[in-house]
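**Student:** What follows is a single structure, and I will ask about it in a moment.
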Amino acid sequence: MFKNLKITCDQATTICDKNQYGEATIADKLKLMLHFLSCKICSLYTKQNNTLTKIYKSHSKSCKKSIPCLSEEEKMAFKISLQEKKG
Amino acid sequence: MAEEQIVLNTDKWIDNYADYMFNYAVVRVNNSDLAKDLVQDTFFAGLKSAKNFQGKSTERTWLISILKRKIIDHYRKINSIKGQAEVRMNFYNDGENEGNWLEERVPQSWDNQSEKAIENEELKSQIETCIDALPEKYAMVFRMKTIQEFETEEICKELDITSSNLWVIIHRARTQLRKCMEDNWFNI
């Protein structure tokens, strides 16, 4: 049974990444917890990953605040090229 | 009651849809020039296939479906470019150590972690630099999932990839970004 729960660091960090988006399954989380018992490196990765997630979330908020638009000149250029295509 | 047939009005396309379509494209490809090209190509393609428009959807929905196809084509193009910068491996990929951390890629402790995590312009700029250093397809998927916060299912549908493919990309992108932030922000 425990053999099925044993995972590599690559798999553990993949689960950890998935978990940052709340998309790891309960079975995945159990495997991750068991992996942490014997792997300090992946525990550190997870701790740092949590910090990075907070940073990315706040970066995401500020990115979403700015809504990119086309300038009037760019729209005019679009109109001209579309007219040319129409012939 | 007969359904109202929608007719294309190509003279109004730019005024009515250009901003919406540009916004749609730029949040996905994160490149303003590329987004403009994709939108322009979409209008041209729309014009070319206008005779195939059956009037069953709105003009905007129809144009967006063309734009979506253009975005998938772009993703496939960047996915197939040979010789592009790949993400560096972080784990042994064969032998008895398969799946274990490569020694030179093992995470190091960060100095003043909480202090360095405080939001400021410099930090934002460093995040952008690290994302831009990723191979384009990794950056695109990472941005859609993490910065634009799209649902996994939506990204898979829009880029025509499987969810396991998406998680491999996210995992590789995040491990690479962690290392980049460690070397250029947390431990400098």
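Only the coordinates and a few stated rules stand behind these numbers; no lab work does. Keep in mind that this is a model prediction, so the values were computed, not measured. Because the Cβ atoms are built from the backbone with ideal geometry, glycine has one as well, and the counts that use them run over all protein chains shown.
**Student:** Compute the Cα gyration tensor for segment B:54-145, then decide on rounded, prolate or oblate, letting a ≥ b ≥ c be the square roots of its eigenvalues: rounded whenever a/c is under 1.5, prolate when a/b is larger than b/c in the other cases, and oblate in all that remain.
**Tutor:** The shape class here is oblate.
**Student:** Using the count of nearby Cβ atoms within 10 Å as a rough guide to exposure, how do A:Cys16, A:Cys69, B:Cys180, A:Cys9 rank from fewest to most?
**Tutor:** A:Cys69, B:Cys180, A:Cys9, A:Cys16
**Student:** Using Cα-Cα distances under 8 Å and only pairs 6 or more residues apart, what relative contact order does segment B:95-186 have, in percent?
**Tutor:** Relative CO of segment B:95-186 lands at 39 percent.
**Student:** So, in nm, how far is label B:Phe53 from label B:Asp111 when the simple model puts each one 7 Å beyond its Cα toward the Cβ?
**Tutor:** Using points 7 Å along Cα→Cβ, the separation is 6.1 nm.
**Student:** Determine the relative contact order of chain B: mean sequence separation of Cα pairs under 8 Å and six or more apart, normalised by residue count, in whole percent.
**Tutor:** 22 percent
**Student:** Also, quick follow-up: Averaged over peptide A:65-72, how many Cβ atoms belonging to another chain are found within 10 Å of each residue's Cβ?
**Tutor:** That works out to 4 on average.
**Student:** Across all directions of projection, what mean area in square nanometres is found for the Cα convex hull of the protein assembly as shown?
**Tutor:** For the protein assembly as shown, averaging the hull's shadow over all directions gives 20.0 nm².
**Student:** Hey, can you rank B:35-42, B:131-138 by average C-beta count inside 10 Å, highest first?
**Tutor:** B:35-42, B:131-138
**Student:** Given the -39500 (n - 2.57) contribution per DSSP H run of 4+ residues, what per-residue ellipticity at 222 nm results for chain B, rounded to the nearest 500 deg cm²/dmol?
**Tutor:** Computed mean residue ellipticity for chain B: -18000 deg cm²/dmol.
**Student:** Any idea which of A:Cys16, A:Leu82, A:Ile26 is furthest toward the positive side of the dipole for segment A:2-86, if Lys and Arg beta-carbons carry +1 and Asp and Glu beta-carbons -1?
**Tutor:** Checking the options against the dipole of segment A:2-86, the answer is A:Ile26.
**Student:** Would you mind checking the radius of gyration and Dmax of chain A based on alpha-carbon positions, in Å?
**Tutor:** Computed over the Cα atoms of chain A, radius of gyration and Dmax are 23.3, 71 Å.
**Student:** Under the classification rounded if a/c is under 1.5, otherwise prolate if a/b is larger than b/c and oblate if not, where does segment B:95-186 fall, given a ≥ b ≥ c as square roots of the Cα gyration tensor eigenvalues?
**Tutor:** Cα axes put segment B:95-186 in the oblate bin.
**Student:** Moving to a separate point now. Would you mind ranking B:Leu159, B:Leu34 by Cβ crowding within 10 Å, fewest neighbours first?
**Tutor:** B:Leu34, B:Leu159
**Student:** Do any of A:Lys65/B:Lys157; A:Lys61/B:Lys179; A:Lys47/B:Lys36; A:Lys6/B:Lys157 go past 29 Å between their Cα atoms, and which?
**Tutor:** Cα-Cα > 29 Å for A:Lys47/B:Lys36; A:Lys6/B:Lys157; rest within.
**Student:** Here's something else I'd like to know. When we measure straight from the Cα of B:Lys56, which lysines land under 20 angstrom away, once same-chain ones fewer than 8 places off are left out?
**Tutor:** Within reach: B:Lys12, B:Lys48, B:Lys68.
**Student:** Still on this model: Set the Förster distance to 41 Å, then compute FRET efficiency between B:Arg60 and A:Ile41 from the Cβ-Cβ distance, nearest 0.05.
**Tutor:** It comes out at approximately 0.25.
**Student:** Could you pull out every one of the aspartates and glutamates with an alpha carbon less than 16 Å from that of B:Lys145, ignoring same-chain neighbours closer than 8 positions?
**Tutor:** Output for B:Lys145: A:Asp17, A:Glu23, B:Glu128, B:Asp132, B:Glu136, B:Glu153, B:Glu154, B:Glu158, B:Asp160.
**Student:** Isolated Cys in the protein assembly as shown by the 4.7 Å beta carbon test?
**Tutor:** A:Cys9, A:Cys16, A:Cys63, A:Cys69, B:Cys156
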